[in-house]
Amino acid sequence: MKRFTYVRAVSIDQAIESLSVHPDAKLLAGGTNLVDLMKYDVATPTTIIDINDLPLREISETADGGLRIGALVTNSDVAVHPSVARHYPLLASAILAGASAQLRNAATVAGNLMQRTRCSYFYDVLTPCNKRAPGSGCPARPGLNRNHAILGASELCVATHPSDMCVALAAIGATIIVQGPNGLRAIPLADFHRLPGDAPEKDTTLFGNEVILGIELPPVLEHHRYSYLKIRDRLSYAFAIVSAAVWLTIDDEAAISTAQIALGGVAHKPWRNTAAEALLIGRPASRVNFEQFASMLLSGAVALSENDFKIDLARRTVVRALEQAASRTPQSQSDKRIH
Amino acid sequence: MAAAPNTAHRVAYTINGVIRVATVEPGVTLLDLLREEFDLTGTKKGCDHGQCGACTVLMNGHRINSCLVLAVSRSGSVVTTIEGIGTSDGLHPLQEAFVKHDALQCGYCTPGQICSAIGLISEGTAKTRDEIREGMSGNLCRCGAYTGIVDAIEEVMAAVSDAESLP
Ligand SMILES: Cc1cc2nc3c(=O)[nH]c(=O)nc-3n(C[C@H](O)[C@H](O)[C@H](O)COP(=O)(O)OP(=O)(O)OC[C@H]3O[C@@H](n4cnc5c(N)ncnc54)[C@H](O)[C@@H]3O)c2cc1C
Ligand code: FES
Ligand code: FES
């Protein structure tokens, strides 16, 4: 680990100011991603700004009937919060599908949003990586890319975003509240993470001197159905190969009235296709419609040398998750059999 | 908030009921503080990257991976390590159950397993064997004692009607 200066922010303004003064500083929340990356010298901040004293640990209802969750609330506390468990069970389920109990106890909402890719070349400072060292090259494209992107990748980068929580937030349609030197900004989750394009070093649209204050969930969706289905190499404590988050309502005539579906593990950000979702509206919640939707969602998919299996796996994961949601039998995160 | 680069910081922790202080560089983890400064070597270093659970301790009542906590960040916390759980003549119920169910072979993962299991039981969300397995997935056992570990936890969980009664 490179040596660094440690400071503790006593206010949000002070954290923002400190980030402005030290452009290569990093905020420290739970530390489960940042400390790991610092041990590998992948992250080499000269200053760490510890934000654990900031008043960002509240969960409260918003005026429009949604929920606001502070940036420093732990992943565990989000998942077991009664309002989350009751009104946004998709979010609770996705969080509980991620990492381990120990990690979720330390990990925070903002840290989870900001976590970096698990691409093995990104982690290995002895290899090139355009995300870690811009311009150095991408060994994953011709190399070990079984876990890499099938959608939205660029010539420069084929990394995926590893979060489970963010896939649920994408389906639910959350908003990220951030503060910078010029005040507050609300960023829809869909615009928060980026595609790699020609700047894969940038994971998000957050500016370097902005602090995430929290997330806002839209008003409760009555009678919704959901499922979070995560496919991975071992049953628990492993990142997704693909995952699907489904947020659905079905009206009295058995027609789909809301369809918000996000895919994880397949791209540089949680993947949604709102045009394909719109085509589901008003149609019966049937397997054939789900299959058509899944094909559209995966229509632009391009396989790398080792991951062509992911395209069909993702398609089938979406169909299965939609069926689970429609039949009100969401995937259990402890009994891992897929029904 | 100004600080000179690489300044050592004073930290204080209540560890197993005893207040301990030390001066650490900011890059020192809670795991290294416990093992190297305080000579509490019961907490093990397996991977040092949050991937194995050998370093699990209870911090303010919650199980966490001490290898990913910067000691300077959580100064003031109350920490329980395996040294604070049971004594040689009065084993903790989980320790007894681990012995009874052969829930270990080499024992390297065991301190983390015990701390994690105490955290699991006090969280109170796991009821079934599947849920115990899932709740304990953050603790790898290279010797593969998983079946015994689940047996031991299941037995203690059934005996503890009130999670509060576990230390
Ligand atoms: C072994 C292992 C397995 C894992 N498995 C999974 C998994 O299956 N699924 C999954 O989703 N995740 C998984 N994770 C990742 C885990 O979810 C993240 O490490 C965690 O969410 C990061 O949160 P943190 O609070 O610890 O962040 P930190 O490590 O403290 O910070 C991470 C980043 O966020 C920035 N940051 C923190 N707070 C703010 C803020 N308020 N404003 C702006 N920037 C901020 C930091 O500067 C840093 O760059 C795993 C991690 C490990 C180590
Ligand atoms: S040593 Fe901390 S998780 Fe392995
Ligand atoms: S008993 Fe040897 S690693 Fe678990």
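The values are calculated or read from the model by the stated rules, or taken from the named source; none is laboratory data. Everything numeric in this text was worked out from a predicted model, so none of it was measured. Please note: Cβ atoms are built from the backbone with ideal geometry, for glycine as well, and neighbour counts cover all protein chains shown. Accessible surface is based on the protein model in full, side chains and every heavy atom, while ligands, DNA and RNA are left aside. Shrake-Rupley method; radii C 1.70, N 1.55, O 1.52, S 1.80 Å.
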Original post:
When the solvent-accessible surface of protein heavy atoms is calculated with a 1.4 angstrom probe, in what order do A:TRP271, A:TRP247 fall, highest first?
Top reply: A:TRP271, A:TRP247
Original post:
Looking only at other chains, what is the average number of their beta-carbon atoms within 10 angstrom of each beta-carbon in B:60-72?
Top reply: 6
Subject >> Loss of accessible area when A meets B, both sides summed, Å² nearest 100, probe 1.4 Å >> reply: 3000 Å²
Original post:
HN-Hα J couplings of region A:19-36 from phi, Karplus 6.51/-1.76/1.60, θ = phi - 60°, integer Hz, Gly and Pro as x?
Top reply: 5, 5, 6, 10, x, 9, 6, 10, 7, 10, 10, x, x, 6, 9, 5, 5, 4
Original post:
How much accessible area per residue does the protein assembly as shown have, in Å², with a 1.4 Å probe?
Top reply: 41 Å²
**OP:** Excluding residues on the same chain fewer than 8 positions from A:LYS310, give the lysines whose Cα lies under 24 Å from its Cα.
**Re:** A:LYS131, A:LYS230, A:LYS269, A:LYS336
Subject >> Ellipticity estimate at 222 nm from DSSP helix runs (n ≥ 4, -39,500 (n - 2.57)) divided over the protein assembly as shown, nearest 500 >> reply: -8000 deg cm²/dmol
Original post:
How large is the dipole of region A:5-53 about the Cα centre if only Lys and Arg carry +1 and Asp and Glu carry -1, each at its Cβ, rounded to the nearest 20 debye?
Top reply: 100 debye
Subject >> chain B: most fluctuating residue of B:CYS47, B:CYS55, B:CYS115 per GNM, C-alpha cutoff 10 Å >> reply: B:CYS47
Original post:
Of the heavy-atom accessible surface of the protein assembly as shown (probe 1.4 angstrom), what whole percent is carbon and sulfur?
Top reply: 53 percent
**OP:** For region A:223-239, just list the computed ³J(HN,Hα) in residue order, Karplus coefficients 6.51, -1.76 and 1.60, θ = phi - 60°, integers in Hz, with x standing in for Gly and Pro.
**Re:** 6, 6, 10, 7, 7, 10, 10, 10, 10, 8, 6, 10, 5, 8, 6, 8, 6
**OP:** Indicate the residues belonging to region A:6-22 that lose 20 Å² or more of solvent-accessible heavy-atom surface (probe 1.4 Å) upon moving from the chain alone to the assembly of all protein chains, ignoring ligands and nucleic acids.
**Re:** A:TYR6, A:VAL7, A:ARG8, A:GLN14
Subject >> Among A:LEU126, A:LEU34, A:LEU113, residue whose mean-square fluctuation peaks in a GNM of chain A (springs only between Cα atoms under 10 Å) >> reply: A:LEU126
Subject >> For chain A: rounded, prolate or oblate by the Cα gyration tensor [a/c cutoff 1.5] >> reply: oblate
**OP:** Could you list the residues of region A:1-36 with an amide nitrogen less than 18 Å from a label point located 7 Å from the Cα of A:ARG57 in the Cα-to-C-beta direction?
**Re:** A:8-12, A:28-32
Original post:
Do you know the relative contact order of chain B, to the nearest whole percent, from alpha carbon pairs under 8 angstrom that are 6+ apart?
Top reply: 22 percent
**OP:** Before anything else, pin down the relative contact order of chain A: Cα pairs under 8 Å, at least 6 apart, normalised by residue count, whole percent.
**Re:** 17 percent
Original post:
Under the definition of partner shielding as Cβ atoms of other protein chains within 10 Å of a residue Cβ, what is the mean value for peptide B:121-127?
Top reply: 2
Original post:
Build a GNM of chain A with springs between Cα atoms under 10 Å: which of A:ASN182, A:ASN273, A:ASN147 gets the top mean-square fluctuation?
Top reply: A:ASN182
Original post:
Ignoring ligands and nucleic acids, what accessible area does B:LYS100 show with a 1.4 Å probe (Å², nearest 10)?
Top reply: 130 Å²
**OP:** State whether region B:93-162 is rounded, prolate or oblate according to the following rule on the C-alpha gyration tensor (a ≥ b ≥ c being the square roots of its eigenvalues): a/c under 1.5 gives rounded; otherwise a/b larger than b/c gives prolate, and the remaining case gives oblate.
**Re:** prolate
Subject >> Peptides ranked, highest mean first, by Cβ atoms within 10 Å: ranges A:162-175, A:44-57 >> reply: A:162-175, A:44-57
Subject >> Listed residues A:TYR6, A:TYR40, A:TYR123, B:TYR108 arranged by accessible area, highest first, probe 1.4 Å >> reply: B:TYR108, A:TYR40, A:TYR123, A:TYR6
Original post:
About the Cα centre of chain A, what is the dipole size in debye to 20, counting +1 per Lys and Arg Cβ and -1 per Asp and Glu Cβ, all else neutral?
Top reply: 920 debye
Original post:
Taking a ≥ b ≥ c as the square roots of the eigenvalues of the Cα gyration tensor of region A:13-53, is the shape rounded (a/c under 1.5), prolate (a/b larger than b/c) or oblate?
Top reply: oblate
Original post:
Can you give the average number of partner chain beta-carbon atoms within 10 Å of each beta-carbon in peptide A:31-37, as a whole number?
Top reply: 6
